[in-house]
Each structure stands twice: as C-alpha cells, then as structure tokens.
Amino acid sequence: PMSLKRLFPSVSVFVKTLGLVYSKRSMLRTLGWVESVRTGKPCRKDGSPIPWMNYHVIRFLDERLNKDLSLFEYGSGNSTMFYASKVGYVKSIEMDEGWFNYVRDSMPDNVDLVLFKADGTAHYREISGHQDRKFDVVVVDAAERTECLMHADKAVTDRGVIMLDDATPEVHAPGMEHLDSKGFRRLDFEGLKPASIRAYRTSIFYRDGNCLGI
C-alpha cells in the first residue's frame, strides 16, 4: 500500500513545517529564530543580541572577531551590543534621533554611540573617514549604503575589512567596484536572517593579511 507521505504530500510538508517551529531540536529554535519572531528583535535562543544579518555570517563573526579589534558601524541596535561583546571598541553612528535616545542607555562601556547631525563639515556617507582613528572593521548597515562603501576604505586599517549587509550587486555595484579598484576581494554569506522567511546576503570585502584571517 502507498504510504501516507505519497498519498498526502502536502500533509507531510505541513507536519515537517510544524516541527521546524515547535520541536525543541529544530534549528529555528536552537538558532534563536523563534525567539526573534516572538520578541521582534534579532537575538539568540537565550535572548542575547545578534545583528539582523544571516546566521552564516553571524557564526563566522562569532569565530573571527576578537578583543584586539576596533569596529565602526553605520547604524545601531542589537548589532552594536553583539559587536561590543566581541571586539575591544565600537563606534556607532546613528542618524535617527528617536532610535538613538531609545538605545543609548543599553550600550556597554566600550561603545561610543554618536548621533549624526549634518553640520556642513561632513556628509553621513563620509563620516567613517572623519574619525580620529582608523578601524579594523567597518560595517555598512544603514542608509546610503553604496555611497558609504565608496568612502569606507579611507576608514580601515591596513588589515581592515568592510562588511555590507543586505548586499545586492545590482544595487550596490558602484561601491563594490570602487572597493575592487582599491584591491579588496569579496566574500559573500547568504542565508536566513532572524525572524525572516527568505535569504539575505552579507558581503565582506578584504585584502591580504586582514584581521579576520580570510
């Protein structure tokens, strides 16, 4: 006799889908995807913060970031707290005053959270290169991503890397081509994000001797 799976394939798919959400062994639970849906924030199973990036690049960063590194971030939030737990110093530039006021009191001591206000001295896209130091990692994960990419190479150390979340070559091509002209190569990570249902890409731009050992 034919199995129920063959007779009712849609039922089998439905049962498997329920298992993804409700089984204690489900990857969606162990990664924190279910908790992220419940809270509306990117987090692990225990509620600790992670970036709103795909799980493949989060695991990579978990293994490669260390306290000897400094990091500059366009945008702020759970990602800032994650980076602060991994590296020695984080400078995060936030342009939304309401969000800045919401998150600033939750930031650890090794985070310098700054509200960006245009004053004519520098555009938002250029601000990473207008700091009093260079950084080992520059994260582009907010507004004007293509334009920020085109200035980020001025902000990194000789061993520095640049990360672009929600990377889309068709959209961000000018910034990617600029980094290619500066000797950067590209490594893509693609997969599911916390609370998402589709694949997203994060691209890391690196050169020889970089701080992440790529």
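None of the figures in this text is laboratory data; all of them are computed from the coordinates on show. Quantities reported herein were computed from a predicted structural model and do not represent experimental measurements.
Annotations for the structure displayed:
- Contact order, relative form, for the chain: 18 percent (alpha carbon pairs under 8 Å, 6 or more residues apart, mean separation divided by residue count).
- Contact order relative to length of the range 74-146, as percent, for alpha carbon pairs under 8 angstrom and 6 or more apart: 34 percent
- Shape class of the range 67-145 from the Cα gyration tensor (axes a ≥ b ≥ c, square roots of the eigenvalues): oblate, since a/c reaches 1.5 or more and a/b does not exceed b/c.
- Compactness ratio for the range 107-180: Cα radius of gyration over 2.2 N^0.38 Å (N = residue count) comes to 1.12.
- Expected 222 nm ellipticity per residue - DSSP helices of 4 or more, -39500 (n - 2.57), all of the chain, to 500: -10000 deg cm²/dmol
- For Lys24, a cut-off of 26 angstrom between C-alpha atoms picks up these lysines, skipping any fewer than 8 places away in its own chain: Lys5, Lys16, Lys41, Lys45, Lys193.
- With Cα atoms as the point set, the range 38-94 shows a radius of gyration and Dmax of 11.1, 34 Å.
- Rg of the Cα atoms in the range 150-213, relative to 2.2 N^0.38 Å, amounts to 1.17.
- Reachable lysines, given that their alpha-carbon falls under 20 Å from the alpha-carbon of Lys154 and they are not under 8 places away in the same chain: Lys91, Lys134, Lys182
- Put simply, the C-alpha atoms of the range 70-214 give a gyration tensor, and the ellipsoid matching it has half-axes of 22, 18, 16 Å, longest first.
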